[in-house]
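Enquirer: What follows is a structure written as structure tokens; I'll ask about it next.
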């Protein structure tokens, strides 16, 4: 996978949580998590590589804040369309 992709969990038509899968090696596993601001939790591999971003409060996530985090992690930023499922319901 070369770009991040978003997986959203809905309940009663509203986004309950989401997970932004980040580019990673095949077979990589998340081994630790780091809680960040605005309901974001970054998962890392044992080697310290970013694995994914849990979005525990989809209504609070802002594109700029998420992209700032991805920039800090040295990961490709997302486009507004990538977060569209969070705004759809």
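The values are calculated or read from the model by the stated rules, or taken from the named source; none is laboratory data. Nothing here was measured: the structure is a model prediction, and the numbers come from that model. Reconstructed Cβ throughout: ideal geometry from the backbone, glycine too, with neighbour counts over all protein chains shown.
Enquirer: Please indicate, with yes or no, whether at least one residue in region 23-31 is closer than 26 Å to residue 80 by Cα, in contact with a helix residue (DSSP H, G or I) (Cβ under 7 Å, 6 or more places away or on another chain) and either modelled with pLDDT of 95 or more or surrounded by fewer than 17 Cβ atoms within 10 Å (Cβ to Cβ) (or both).
Expert: No, region 23-31 contains no residue that is closer than 26 Å to residue 80 by Cα, in contact with a helix residue (DSSP H, G or I) (Cβ under 7 Å, 6 or more places away or on another chain) and either modelled with pLDDT of 95 or more or surrounded by fewer than 17 Cβ atoms within 10 Å (Cβ to Cβ) (or both).
Enquirer: If you don't mind, another one. Please list, ordered by first then second residue, the pairs with beta carbon atoms under 8 Å, 6 or more apart or interchain, first in region 25-40 and under 15 Å from residue 57 (Cα atoms), second at pLDDT below 90 and surrounded by 10 or more Cβ atoms within 10 Å (Cβ to Cβ).
Expert: Final answer for the pair search is 38/60; 39/60.
Enquirer: Pick from region 32-51 the residues that are in contact with a strand residue (DSSP E or B) (Cβ under 7 Å, 6 or more places away or on another chain) and closer than 21 Å to residue 87 by Cα: which of them is modelled with the lowest pLDDT?
Expert: Here is the first cut: in region 32-51, the residues in contact with a strand residue (DSSP E or B) (Cβ under 7 Å, 6 or more places away or on another chain) are 32-36, 39-45, 50-51.
Now narrow it down to the ones that are closer than 21 Å to residue 87 by Cα: 39-41.
Working: 39: 90, 40: 95, 41: 97.
Only one residue fits best here, namely 39.
Enquirer: Next question. Name the residues in region 5-22 that are touching a residue at least 40 places away in the same chain (Cβ under 8 Å) and either touching a helix residue (DSSP H, G or I) at 6+ places or on another chain (Cβ under 7 Å) or not in a loop (DSSP other than H, G, I, E, B) (or both), would you?
Expert: Initial filter on region 5-22 (touching a residue at least 40 places away in the same chain (Cβ under 8 Å)): 5-6, 8, 10, 13-18, 20, 22.
Of everything in region 5-22, those that are touching a residue at least 40 places away in the same chain (Cβ under 8 Å) and either touching a helix residue (DSSP H, G or I) at 6+ places or on another chain (Cβ under 7 Å) or not in a loop (DSSP other than H, G, I, E, B) (or both) turn out to be 5, 6, 8, 10, 14, 15, 16, 17, 18, 20.
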